[in-house]
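So the structure is just underneath, and the comments pick up after that.
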Ligand SMILES: Nc1ncnc2c1ncn2[C@@H]1O[C@H](COP(=O)(O)OP(=O)(O)O)[C@@H](O)[C@H]1O
Ligand SMILES: [Mg+2]
């Protein structure tokens, strides 16, 4: 069943169009990686899928039962956040907010959910640590745990690996793989590492300024655009 | 020390100043944590200048000062927030334009009409004598309202402060909560102006949170610590002001500076030991 369908979608900022006429579908349980050079509109597309930015043309339809309050999101980290005085637990718990409505506070179930996600990601001992004292990899896990509190269905991640060392990157991919295969969470991730993306994703969406590719990873490897970028990488 | 305290509270004007001041300090410090973390610190400063302009207009028209100032400052807060978000004009430039503009209008109106009367002077630099009984009642009612709203919206305010994009993406009405923060700040600024002075009220908002962040590790502890810092510096500051007849606002800010320095040293020693 299609969770998200993009039909001829283009985005625009005041003076320029980014990401022209994209059409693709994301089904339940898919693992999709979005790759492409800087400035080709990957972050913009993610914002569009999240409903934060309206498409300039075309339509994005979401399946029934996938409301904003059921999507998890791991944003590109902002500088302001890195030194934010909040405990890990406070940050993770804030992911539960979307199911609270106007009620103040968190329920016992929310607290248990937050603890469960922290255990799943191996950060439960960091519970009372300050977010700003963590390493980059630990901070990413905290943000991932928070987004898991917000969803059981779908995760959108925007370059979550930026600034991590290779070990942390490998661990992070491992986690995503586990979430996708064992917990049946649909994953849509922007990645700047084509090689890693190909290794893990079932589907690829490659954006460039002129054209785009969407399809199974196997097809991507043999496509023109895929050969140009991935094949090129493979030779050196 | 005890003698001094009993002497102070034997004057009704001091009791009024203490009651209203402590409540306003509470509001300012909890809101300030969010403003500092959202990089909105200058909004408090901008609003105080707008408040000064509004008071000048009220004095010229012979109207009740707070009744004029509160709606004008709330409107300014909403406009500033919109400008900061739309990013057409850079937020800090927009605030500078507002604050100097309002100050210029205020000063011009004053010089055209009454000349600098005592009321306006006290609005600029603050006075512990300035709080009338009706000011106190209004301050108490509004501060309690601000605090209740803050407690009620606490989790949402945290989420919007920590990561607005995430909050919005997952279905929180961030625009509304930003607006709530701006309106609550506007009310607090107007209430605090009479005691702290338009020139210094923003320090009541910014200092406690900044000081607490030197050592506190969680958001909740930052809030509680900021409240403590704010109330302590208010009480010490106003005592100093009473004893040495210095302006209340300035005395409070000086205590704030000292506490900030102490907390910075403590935070620095702590992180130094860890490494
Ligand atoms: N808020 C914005 N206002 C105007 N232009 C923007 C904005 N955000 C992004 N852009 C432009 O849109 C294009 C795509 O940006 P983005 O989606 O961030 O690309 P990517 O994530 O692939 O690097 C870039 O040319 C960028 O300059
Ligand atoms: Mg990007």
Cα-based Rg (one decimal) and Dmax (whole number) for the protein assembly as shown, in Å?
-> 26.7, 88
Packing-based ranking, highest mean first, of A:51-57, B:174-180 given that Cβ atoms within 10 Å are counted = B:174-180, A:51-57
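Applying a 10 Å radius around every beta-carbon, put A:106-113, B:73-80 in order of their mean neighbour count, most first. Please list the in-between numbers first.
Working: A:106-113: 13.6, B:73-80: 21.1.
Per-residue mean Cβ counts within 10 Å order the peptides as B:73-80, A:106-113.
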Please label the shape of segment A:145-236 as rounded, prolate or oblate, based on the square roots a ≥ b ≥ c of the eigenvalues of the alpha-carbon gyration tensor (a/c under 1.5 means rounded; beyond that, a/b larger than b/c means prolate, else oblate).
-> prolate
Per 10 Å bin, what is the whole-percent P(r) computed from every C-alpha pair distance within segment A:100-199?
-> 14, 46, 32, 8, 1
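Sort chain A into rounded, prolate or oblate with this rule: let a ≥ b ≥ c be the square roots of the eigenvalues of the Cα gyration tensor; rounded if a/c is under 1.5, and if a/c is not under 1.5, prolate when a/b is larger than b/c, oblate otherwise.
It is prolate, given that a/c is not under 1.5 and a/b is the larger ratio.
Taking beta carbons within 10 Å but only from partner chains, what does the mean come to for residues A:82-91?
On the way: counts 0, 2, 7, 16, 11, 6, 2, 1, 8, 6.
The shielding value for this peptide is 6.
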Could you tell me the distance between the Cα centroids of segment A:171-227 and segment A:6-50, to the nearest Å?
-> 14 Å
Potential extension, residue B:145-residue B:244 segment - 0.36 nm per residue separation minus Cα distance = 32.3 nm
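Most exposed first by the Cβ proxy, i.e. fewest other Cβ within 10 Å, how do A:210, A:219 rank?
In increasing order of surrounding Cβ atoms, one gets A:210, A:219.
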Value of D in µm² per second that Stokes-Einstein yields for segment A:1-116, Kirkwood Rh from Cα pairs, at 37 °C (0.692 mPa s) | 197 µm²/s
Whether segment B:155-275 is rounded, prolate or oblate, judged on the alpha carbon gyration tensor where a/c under 1.5 counts as rounded | oblate
Among A:90, B:164, B:85, rank each residue by its count of other Cβ atoms within 10 Å, from fewest to most, as a rough exposure measure.
-> B:85, B:164, A:90
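Would you mind telling me the antiparallel percentage of the DSSP bridges in chain A, rounded to 5?
Values: 19 of 37 bridges.
Of the beta bridges lying entirely in chain A, close to 50 percent run antiparallel.
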For peptide A:97-104, compute the average count of partner chain beta-carbon atoms within 10 Å of each residue's beta-carbon.
-> 4
So how far apart, in nm, are the two label points at residue A:135 and residue A:152 if each is 7 Å from Cα heading toward Cβ?
-> 3.4 nm
What is the Rg over Rh value, at two decimals, for chain B, using alpha-carbon atoms and the Kirkwood definition of Rh?
-> 0.98
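Which whole number gives the average count of other chain Cβ atoms within 10 Å of the Cβ atoms across peptide B:212-224? Numbers along the way, then the final one.
Working: counts 1, 4, 1, 1, 4, 10, 11, 9, 4, 5, 4, 1, 0.
Mean partner-chain Cβ count within 10 Å for B:212-224: 4.
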Subtracting the Cα-Cα distance of residue A:27 and residue A:127 from 0.36 nm times their residue separation yields 32.6 nm
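Every number here is computed from the coordinates shown, using simple stated rules; none is lab data. Values in this document were obtained by computation on a predicted structure and should not be read as measured data. As a convention, Cβ positions derive from the backbone with ideal geometry for all residues, glycine included, and neighbour counts pool all protein chains shown.
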